[in-house]
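Student: Provided herewith is a single structure, encoded as C-alpha cells, for subsequent inquiry.
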Amino acid sequence: MTARYTVEQMIERIGSEIGVSDWMTVEQEVIDDFGRSTKDLDWMHIDPVRASREGPYGGTIAFGFWSLSMLTYFSHQIGMWPKDVAYGLNYGLEKVRWLNPVRVGCRIRQRCTLTDLERRDDGYVSIRTTNVLEIEGEERPALIADWLGLFVQENSDSVVQENSDSGFRS
C-alpha cells in the first residue's frame, strides 16, 4: 500500500487507526538469519528439534527484537508515511511491551494508530504511532510499541545539522 494522506490530512487523523498490514508467515530461515546477524544463537530460536523437545512453546519462537523490527517492514504497507515527505528517520521508541511469543510458522501483522503528528520549528515533522503486532488466532498480541519518527517533507530545506535538536548527526 502506498501513502494515502498528506501531512495536513494526517494531522486531522490523529487518534485514529491509519492502517493494518497484510499477514506474514514467520519462517524459520528468516529467524535463523536474524540469529546469525545478531550473534544470538539461542536454541529456543534456531533449533526446532531441541525447542520442540525441551522448550515451553512446542517449537522455536521468533526473537523479540526481530518481531519489533518487522514494524519497519509493515509500516510501508499501511500508509504510515505521508505522501508529501521525502524520507523518514527513526527517532526512538517510547514504550515497548512483549506480551506473547511469536511461534515460527504463525502469521503476524501490524495494526497502527496515529497518536500524534506535528510540524516542528526545525522543519521536521514528528510522528508518534501506537503499533500492535498481532498473531493470527491469538487473543493477545505479540507486542505493543509506541514508535517515534521524524519526516522531512519534499522540497524542505531541513538538513540534519551537527548541533540540531533532532538528535541525529549528519
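Student: What whole-number value in Å² describes the accessible area per residue of the chain for a 1.4 Å probe?
Tutor: Accessible area per residue, the chain: 55 Å².
Student: Taking the radius of gyration and the Kirkwood hydrodynamic radius from Cα positions alone, what is the Rg/Rh ratio for the chain, to two decimal places?
Tutor: 1.04
Student: Of all accessible surface on the chain at a 1.4 Å probe, what whole percent is carbon and sulfur?
Tutor: In the chain, the share of accessible area belonging to carbon and sulfur is 48 percent.
Student: With springs connecting C-alpha atoms under 10 Å apart, model the chain as a Gaussian network and identify which of VAL49, VAL26, VAL96 has the largest mean-square fluctuation.
Tutor: VAL49
Student: Convert each backbone phi in the stretch 50-67 into a coupling constant with the Karplus relation 6.51 cos²θ - 1.76 cosθ + 1.60 (shift: θ = phi - 60°), then list the ³J(HN,Hα) values in order as whole Hz, x for Gly and Pro.
Tutor: Going residue by residue, I get 5, 5, 6, 7, 10, x, x, 10, x, x, 6, 10, 6, 5, x, 6, 5, 4 Hz, with x marking Gly and Pro.
Student: Express in whole angstrom the spacing between the alpha-carbon centres of the stretch 5-64 and the stretch 82-150.
Tutor: 13 Å
Student: Work out how much length ARG36 to GLU139 would gain on full extension: take 0.36 nm times their residue separation and subtract the Cα-Cα distance, in nm to one decimal.
Tutor: Between ARG36 and GLU139, full extension yields 34.0 nm more.
Student: Using the Karplus curve 6.51 cos²θ - 1.76 cosθ + 1.60 with θ = phi - 60°, work out ³J(HN,Hα) for each residue of the stretch 143-149 in order, rounded to whole Hz, and write x for Gly and Pro.
Tutor: Ordered by residue, 3J(HN,Hα) equals 7, 10, 9, 8, 10, 10, x Hz.
Student: Under a GNM of the chain (C-alpha, springs under 10 Å), which listed residue has the highest mean-square fluctuation: ASP121, ASP40, ASP22?
Tutor: ASP121
Student: Give me the dipole magnitude in Debye, nearest 20, for the chain about the Cα centre, with unit charges on the beta carbon: positive for Lys and Arg, negative for Asp and Glu.
Tutor: Rounded to the nearest 20 debye, it is 380 debye.
Student: In addition: Give the long-range amide H neighbours of THR115: residues separated by 5 or more places, or on another chain, with amide H under 5 Å away, using H modelled in the peptide plane at 1.01 Å from N.
Tutor: HN-HN under 5 Å from THR115: GLY15, ARG128, THR129, THR130.
The values are calculated or read from the model by the stated rules, or taken from the named source; none is laboratory data. A quick note: this is a predicted structure, and the numbers were derived from the prediction, not measured. A quick note on method: Cβ atoms are made from the backbone with ideal geometry, for glycine too, and the neighbour counts reach across all protein chains shown. Note: accessible area is taken over every heavy atom of the protein model, side chains too, but ligands, DNA and RNA are not part of it. Shrake-Rupley method; radii C 1.70, N 1.55, O 1.52, S 1.80 Å.
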